[in-house]
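First up is the structure itself, then whatever we jot down about it.
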């Protein structure tokens, strides 16, 4: 059974083609910096790696580029689109409708579209990926795996907002949580690595979108992203936590419309708003050259991470490990170093030399006698999506 997994981020598209249930990767790759003039397409097989820098204005164009490469007579993987049995899609916001992996129907697509206002950088891209895949891979079953599903275990005291009850009871306004497939995957790997089923773990997903989760005994009990994926940590273009009264000030005093404010918080804020750059690699490079705005943005970003580590250690009543994952979490030694600095009181002590070592698998970057393990665990949302998709279709 061949399963193509599409994982659309706000400015990226990761993909893997699996032979299941063997979990053999037939090809993988990444399209990043979507919407910028120097977007990158990387396609990896056992025999070859193809890299292209081109203009990819949106996710639809990116998916069309991927499908052409999959079918390429010389360097592709499949002979026909009929070779694909399942396409598994990451979908960010499932709202109250979806707590489990779901086969995609028109009704499912309509609900994903309805929820787009809550995840405007993601759900539209996710839906576009579904519709392009349906048109290309006509034989394949289309399956959605929702980011919000892992966080269904968060207790009411954590997911309910202190606003009138009617907004939860009648309109389902609550914390939903996101990046759930990633947090679930790396927390399972950490539990196996630590050999502790009864565990207290903080998982930190750092990419263009960022989130942090308190995981107790394998279950999510609190999470930084809430009703939509705009709160919590500082992100590439999203603000993270702000005082809600700022929205009213922007509207009532400065004359911005609600649509303009939403666009500011979703697409013009975060690291982009602070520095003019949304890609952390650019920001780190500029900070190294002495750019004060970039240096401050890095300090603000990691300061916010440390605040969440402290609060989640409190609600877990202890801590066995913290995990860094996703593009920035796995690759930026600077961000990991800054995020762990001056946390000795919590038992978190980073080994700076271990932190610099590049490895492909799980690595420990804390000192030997650190009370809390600091781990880097590469996420594999695509494999998790493939497994859940196969389980659904087989059953």
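Quick notes on this structure:
- Residues that are part of a loop (DSSP other than H, G, I, E, B) and touching a helix residue (DSSP H, G or I) at 6+ places or on another chain (Cβ under 9 Å) within segment 152-161 comprise 160, 161, listed in sequence order.
- The single residue among 80, 10 that is without any contact (Cβ under 8 Å) to a residue 60 or more places away in the chain and out of contact with any strand residue (DSSP E or B) (no Cβ under 9 Å at 6 or more places or on another chain) turns out to be 80.
- Residue 131, sole failed condition from (1) touching a helix residue (DSSP H, G or I) at 6+ places or on another chain (Cβ under 9 Å); (2) not in a helix (DSSP H, G or I): (2)
- One residue alone among 239, 228 is within 17 Å of residue 274 (Cβ to Cβ) and in a loop (DSSP other than H, G, I, E, B), and that residue is 239.
- Hits in segment 76-117 - residues which are part of a loop (DSSP other than H, G, I, E, B), in contact with a helix residue (DSSP H, G or I) (Cβ under 7 Å, 6 or more places away or on another chain) and closer than 23 Å to residue 47 by Cα: 76, 77, 78
- Listed by first and then second residue, the pairs linking a residue in segment 187-200 that is in a helix (DSSP H, G or I) to a residue that is exposed (fewer than 14 other Cβ atoms within 10 Å of the Cβ) and modelled with pLDDT under 95, with Cβ atoms under 9 Å apart and 6 or more places separating them unless they lie on different chains, are 191/197.
- Restricting segment 167-181 to residues that are in a loop (DSSP other than H, G, I, E, B) and touching a helix residue (DSSP H, G or I) at 6+ places or on another chain (Cβ under 6 Å), the residue that is surrounded by the most Cβ atoms within 10 Å (Cβ to Cβ) is 177.
- For the criterion of being under 24 Å from the mean Cα position of the chain (by Cα) and surrounded by fewer than 21 Cβ atoms within 10 Å (Cβ to Cβ), residue 351 fails.
- Count of segment 354-366 residues, restricted to those that are surrounded by 15 or more Cβ atoms within 10 Å (Cβ to Cβ) and part of a loop (DSSP other than H, G, I, E, B), is 2.
- Against the criterion of being in the same structural domain as residue 318 (by TED's automatic domain parsing), farther than 21 Å from residue 155 by Cβ and either touching a strand residue (DSSP E or B) at 6+ places or on another chain (Cβ under 7 Å) or at pLDDT below 95 (or both), residue 209 qualifies.
- The residues of segment 251-273 that are surrounded by 16 or more Cβ atoms within 10 Å (Cβ to Cβ) and free of Cβ contacts under 8 Å to residues at least 40 places away in the same chain, listed by number, are 256, 261, 264, 265, 269, 270, 271, 272, 273.
- All of (1) outside any helix (DSSP H, G or I); (2) out of contact with any strand residue (DSSP E or B) (no Cβ under 8 Å at 6 or more places or on another chain); (3) at pLDDT below 95 hold for residue 164 with one exception: (3).
- Whichever residue in segment 134-151 is in contact (Cβ under 8 Å) with a residue 60 or more places away in the chain and in a helix (DSSP H, G or I) and, among such residues, is nearest to residue 388 (Cα to Cα): 150
- Residue check for residue 67: farther than 21 Å from residue 208 by Cα and part of a loop (DSSP other than H, G, I, E, B): no
The values are calculated or read from the model by the stated rules, or taken from the named source; none is laboratory data. Remember, predicted model here, so these are calculated numbers, not experimental data. FYI the Cβ positions are ideal-geometry reconstructions off the backbone, even for glycines, and counts take in every protein chain you see.
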